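J.: Just dropping this structure here.
Throughout, read-outs are computed from the coordinates displayed, never taken from laboratory work. Given the structure is predicted, the values throughout are model-derived calculations rather than measurements. Cβ sites come from the backbone with ideal geometry, for glycine too, and all protein chains shown count toward neighbours.
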Amino acid sequence: MTIERGRKPSTFARHWPWFALPGALLGCTSPVAPPAPPSGGTALRLDYAAFASAVEPILVARGCDAEGDCHGGGIRGTLQLSPPSAKNSRFDFDQVSLQVLVNDPDRSPILTEPLAAAAGGTAHSVKPFADTTDTEYRTIRAWVRAGVTP
């Protein structure tokens, strides 16, 4: 390439080494497979069969799925359950699963909201469990803990 005297080369001609440098240093490679997803941490693997046989009957017996002001009458807070007239265990399982905190299962809303404030419960209009020694409370807690695996 000849350049007339007094005339500067074009922008590309002046900077082409800089455009080529990354390819020369890093090589021209492309990944053959996508990178692996991040791993580690705590996983949530709640058991549907255990929910249907042990947990849901407790929720039904305690009236959590009742219509009106309860969770069977539409979403109340962050939880909605299927009403007694149209019971859907899979829907209820999916909804209750959203109430489980993976990083701190004992502070999960499904455990703290129905628990009396004196026993460590959080705000909820109905408190069916007076303390953490209640057999049904312990059943729900065992189900939650069994589903949270490191």
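J.: Using +1 at the Cβ of each Lys and Arg and -1 at the Cβ of each Asp and Glu in region 43-149, identify which of Ala146, Phe91, Gly73 lies farthest towards the dipole's positive end.
T.: Most positive-ward Cα: Ala146.
J.: Treating only the Cβ atoms of Lys and Arg (+1) and Asp and Glu (-1) as charged, compute the dipole magnitude of region 43-149 about its Cα centre; round to the nearest 20 debye.
T.: Computed about the Cα centre, the dipole is about 160 debye.
J.: A further question on this structure: Whole-Hz ³J(HN,Hα) for each residue in region 115-131, computed from phi via Karplus 6.51 cos²θ - 1.76 cosθ + 1.60 with θ = phi - 60°, x for glycine and proline: what do you get?
T.: My calculation for region 115-131 gives 9, 4, 4, 5, 9, x, x, 10, 4, 6, 5, 10, 10, x, 10, 6, 7 Hz in order.
J.: If each residue's Cβ is checked for other Cβ atoms within 10 Å, how do Ser39, Ser108 rank with the fewest at the top? Before the final figure, lay out each step's value.
T.: Working: Ser39 6, Ser108 21.
Arranged by neighbour count, lowest to highest, Ser39, Ser108 become Ser39, Ser108.
J.: Sticking with this one: Could you give the Stokes-Einstein D for region 43-149 in µm² per second, using the C-alpha Kirkwood radius, 25 °C, 0.890 mPa s?
T.: Details: Rh = 13.7 Å.
This corresponds to a translational diffusion coefficient of 179 µm²/s.
J.: Can you sort Thr42, Thr133 by how many other beta carbons sit within 10 Å, fewest first? Mind dumping the intermediate values first?
T.: Numbers: Thr42 12, Thr133 9.
Listed from fewest to most nearby Cβ atoms, that is Thr133, Thr42.
J.: If the chain between Asp47 and Arg138 were fully stretched, how many nm would it gain, using 0.36 nm times the residue separation less the Cα-Cα distance? All intermediate terms of the calculation are to be shown ahead of the outcome.
T.: Values: separation 91, 0.36 × 91 = 32.76 nm, distance 1.60 nm.
Contour length minus the Cα-Cα distance gives 31.2 nm.
J.: Here's another thing I want to ask about it. Just need the relative contact order of region 43-149 here, percent rounded to a whole number, with Cα pairs under 8 Å and 6+ apart. Before the final figure, lay out the partial values.
T.: Values: 147 pairs, mean separation 28.5, N = 107.
Relative contact order here is 27 percent.
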